């Protein structure tokens with residue numbers, strides 16, 4: 001399991017930066033983290049129960065709380081705070097950013113909801 005060596009919030013650009021001891025690091029938009037929350041509220045309690053998150057493009061992270069030595073609780077300004085982002089999950093979100101973001105955009109498009117731009121995967 002990778003362990004973080006850097007955790008930073010860039011509130012102006014709404015970017016969460018995380019670097020790991022394996023040398024990888026990622027810049028993840030707050031919105032991306034919010035719509036991919038590992039919480040039951042977003043993921044549901046089983047396959048097919050996922051809840052598409054809408055209108056999260058302005059969401060901010062207001063607090064980052066460590067949970068033991070394995071995860072973070074991200075507190076968002078829309079009141080969401082129930083997802084525990086493990087080191088493995090944060091690493092996965094970084095590695096699969098482009099694919100997961102495109103999948104989200106595709107789901108929005110299927111509902112007839114236009115999104116202004118796509119967010120490229122950023123690796124630092």
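The values are calculated or read from the model by the stated rules, or taken from the named source; none is laboratory data. Just so it is clear, the model here is predicted, and its values are computed rather than measured. Neighbour counts run over all protein chains shown; Cβ positions are idealised from the backbone, glycine included.
If you go through the stretch 82-91 and keep only what is part of a loop (DSSP other than H, G, I, E, B) and surrounded by fewer than 16 Cβ atoms within 10 Å (Cβ to Cβ), you end up with just 82. Of the residues in the stretch 31-49, none is closer than 30 Å to residue 111 by Cβ, modelled with pLDDT of 95 or more and over 13 Å from the mean Cα position of the chain (by Cα). Mind checking which residues of the stretch 93-102 are loosely packed, with under 15 Cβ neighbours inside 10 Å, in a helix (DSSP H, G or I) and either out of contact with any strand residue (DSSP E or B) (no Cβ under 9 Å at 6 or more places or on another chain) or without any contact (Cβ under 8 Å) to a residue 24 or more places away in the chain (or both)? Those that are loosely packed, with under 15 Cβ neighbours inside 10 Å, in a helix (DSSP H, G or I) and either out of contact with any strand residue (DSSP E or B) (no Cβ under 9 Å at 6 or more places or on another chain) or without any contact (Cβ under 8 Å) to a residue 24 or more places away in the chain (or both): 98, 99, 102.
In the set (1) at pLDDT 95 or above; (2) within 19 Å of residue 9 (Cβ to Cβ); (3) within 14 Å of the chain's Cα centre (by Cα), residue 57 fails one condition alone, (1). In the stretch 75-89, the residues that are under 10 Å from residue 59 (Cα atoms) form Cβ pairs under 6 Å with partners that are surrounded by fewer than 16 Cβ atoms within 10 Å (Cβ to Cβ), at six or more places apart or across chains, as follows: 77/60; 77/62. Hey, any hits in the stretch 103-120 for a residue that's surrounded by 11 or more Cβ atoms within 10 Å (Cβ to Cβ), at pLDDT 90 or above and touching a helix residue (DSSP H, G or I) at 6+ places or on another chain (Cβ under 7 Å)? For the stretch 103-120, residues surrounded by 11 or more Cβ atoms within 10 Å (Cβ to Cβ), at pLDDT 90 or above and touching a helix residue (DSSP H, G or I) at 6+ places or on another chain (Cβ under 7 Å): present. I'd like to know if the stretch 41-64 contains one or more residues that are touching a helix residue (DSSP H, G or I) at 6+ places or on another chain (Cβ under 8 Å) and under 20 Å from residue 1 (Cβ atoms). Checking the stretch 41-64: not a single residue is touching a helix residue (DSSP H, G or I) at 6+ places or on another chain (Cβ under 8 Å) and under 20 Å from residue 1 (Cβ atoms). Does residue 51 count as more than 15 Å from residue 91 (Cα to Cα) and touching a residue at least 60 places away in the same chain (Cβ under 8 Å)? So residue 51 fails the test.
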